[in-house]
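Working notes, structure below.
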Amino acid sequence: MDNSVYQNPLVTRYASKEMARNFSDEKRFKLWRKLWIALAESEMELGLNITARQIDEMKKYAEDINFELAEKFEKEVRHDVMAHVKAFGSQAVSAMPIIHLGATSCYVDCNSELIIAADALNIIKAKLVNVMEKLANFALKYKDLPALGFTHLQPAQLTTVGKRATLWLQDLTMDYHNLVNLQDSFKLRGVKGTTGTQASFMELFGGDEEKVKLLERKVVEKLGYEKVYGVTGQTYPRKFDYNMLCVLSQIAQSAYKFSNDIRILQNMKEIEEPFEKSQIGSSAMAYKRNPMRCERMGSLARFVISLPVNCAITAGTQWFERTLDDSANRRIVIAQAFLALDGILNIYMNVAENLVVYDKVIAKHIAAELPFMATENIMMECVKAGGNRQELHERIRVLSMEAGRNVKAEGKENNLIELIRNDKNFAAVHGKLDEILDAKKFIGRAPSQTVEFIESEVKPILEENKDVLGRKGEVNV
């Protein structure tokens, strides 16, 4: 690595090599050659004056890109596609006259970008379902462990650790279906010519519309795809980029919520992200265990979430058949959105698989709040034994305020149960308080909801993607 110039941290620190390679120049330019071969081969099959020898020579050099020569040509012609046409033609000499025949630059640009995006979405999908599998395992393991619920970040009715995890899972389930819907509607630009009219191909085939349509079908099939946009300008619709970035943003939003929840839980010492033996939490405070993984997830998520508006502006400013002010912008935005989300999901996998749960701390926090939540149950038991509901309500209100003051003003433990034990008005429940205060009686259907949700909504997704499960999340630095 050249340390004298800026290096993109998405590549050097956060994203996987798999995703970085997907957006490499090598992949991009090999796809260009694959597209040129598919076009020439299809044109030959439909009767144009192209020989099998020319096709064979193109295929011979399909993977052997002469990058330095292409760079030299680009400095001369100031056009990346024509530079690579010349570089390819310098190797496949007999094919030089027919490389890129009838095509515009966007034939290779747009179709290759779409194929790269399709492959990137598959990488994201595989990592997303691996996160879901790890969270599902965690949720089932802790489905019965009571924990304080929080609304407004204030203690509320109990839930379970596993049930809370299903909220994270449900977000990802929605993201998964949005991603699949995007993939199901995926289309290539196809073979459309300079302004999308296919005029150049009509010229080549003597005005035979059926051959021009067949040419497009053949090329798309050779590339392994089925659908093409029915109409385009010079480029594929830039609204697709916006739709795609929205899907990435939604996954980032889900990761952001998870990371924030874990950071808060780590502050409360209930649940922690993994912390390695030699890891340093703070350069000054050696005892600290900072949630750096979740903080990094949030940091990268904020970046991804901000990007769809950029694509929206690009889509809205494509004048007529196209304008080139999208090009430099898209080279940056789309690749970096995928690289950043890839980094997020790498961390998400790592954290979800290695979460540390401190059940004793969770129980302690429940014990501090449950007496207040149990007052209704205590009161109703006393009413069943013949007590006056209104009198009991007033008495328990007074005792609750005293206990609250003991906690907030004095900094002491919640002594409401002790106060109730010593109050004759509640004599009917003095022998039942431990039973009434069993935390598992306050979690409702949380355990069964957890199982039902995973069985009905998560497991079908995991089963559908079982061939990509079992991955580990790697944190590079």
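Please treat every number below as a calculation from the coordinates, not as lab data. What you see is a predicted model, and the numbers here were worked out from it, not measured in a lab. Glycine gets a Cβ as well: all are built from the backbone with ideal geometry, and neighbour counts include every protein chain shown.
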message = From the phi angles alone, apply the Karplus equation (6.51, -1.76, 1.60; θ = phi - 60°) to the stretch 225-234 and give each ³J(HN,Hα) in whole Hz, x where the residue is Gly or Pro.
response = 10, 10, 9, 10, 5, x, 9, 9, x, 6
inquiry  = Skipping prolines and chain starts, which residues have an amide H placed within reach, meaning under 5 Å, of the one on F150, given they are 5 or more residues away or on another chain?
reply    = A156
inquiry  = Just to confirm the filter: which trypsin sites (Lys or Arg not before Pro) across the stretch 427-477 are DSSP coil and have at most 16 other Cβ within 10 angstrom of their Cβ?
reply    = K432, R445, K472
Pairs from K30/K86; K134/K440; K27/K222; K218/K239 whose Cα-Cα separation, in the structure shown, is over 20 Å = K134/K440; K218/K239
query = Within the chain, what is the longest stretch that has no GluC sites (Glu not before Pro) placed in a DSSP loop and near at most 14 other beta-carbon atoms within 10 Å?
reply = 64-225
note = Partner aspartates and glutamates whose C-alpha sits under 16 Å from that of K459, ignoring same-chain residues fewer than 8 away, are E133, D171, D175, D467
note = In degrees rounded to 10, the 0-90 angle between helix 67-77 Cα long axis and the longest Cα principal axis of the chain is 70
ask   = Which is the longest part of the chain that has none of the chymotrypsin sites (Phe, Trp or Tyr not before Pro) sitting in a DSSP loop with at most 11 other Cβ atoms within 10 Å?
value = 7-286
key: T195 versus N377: modelled label distance in nm, points set 7 Å from Cα along the beta carbon direction   = 7.5
ask   = Under 15 Å from the Cα of K227, which aspartates and glutamates turn up, not counting those fewer than eight places away in the same chain?
value = D184, E216
note = Mean projected area (nm²) from the convex hull of Cα positions in the stretch 375-436 is 3.9
key: Share of pairwise Cα separations in the stretch 114-268, more than 23 Å, in percent   = 55
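State the three equivalent ellipsoid semi-axes of the stretch 14-101, derived from the C-alpha gyration tensor as the square roots of 5 times its eigenvalues, in descending order and whole Å.
Details: eigenvalues 123, 53, 21 Å².
After scaling each eigenvalue by five and taking roots: 25, 16, 10 Å.
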key: Spatially proximal aspartates and glutamates relative to K360 (Cα-Cα < 18 Å; intrachain offsets below 8 disregarded)   = D144, E270, E272, E273, E369, E413, D434, D438
remark   = the chain: relative contact order from alpha carbon pairs under 8 Å, six or more residues apart, as a whole percent, is 20
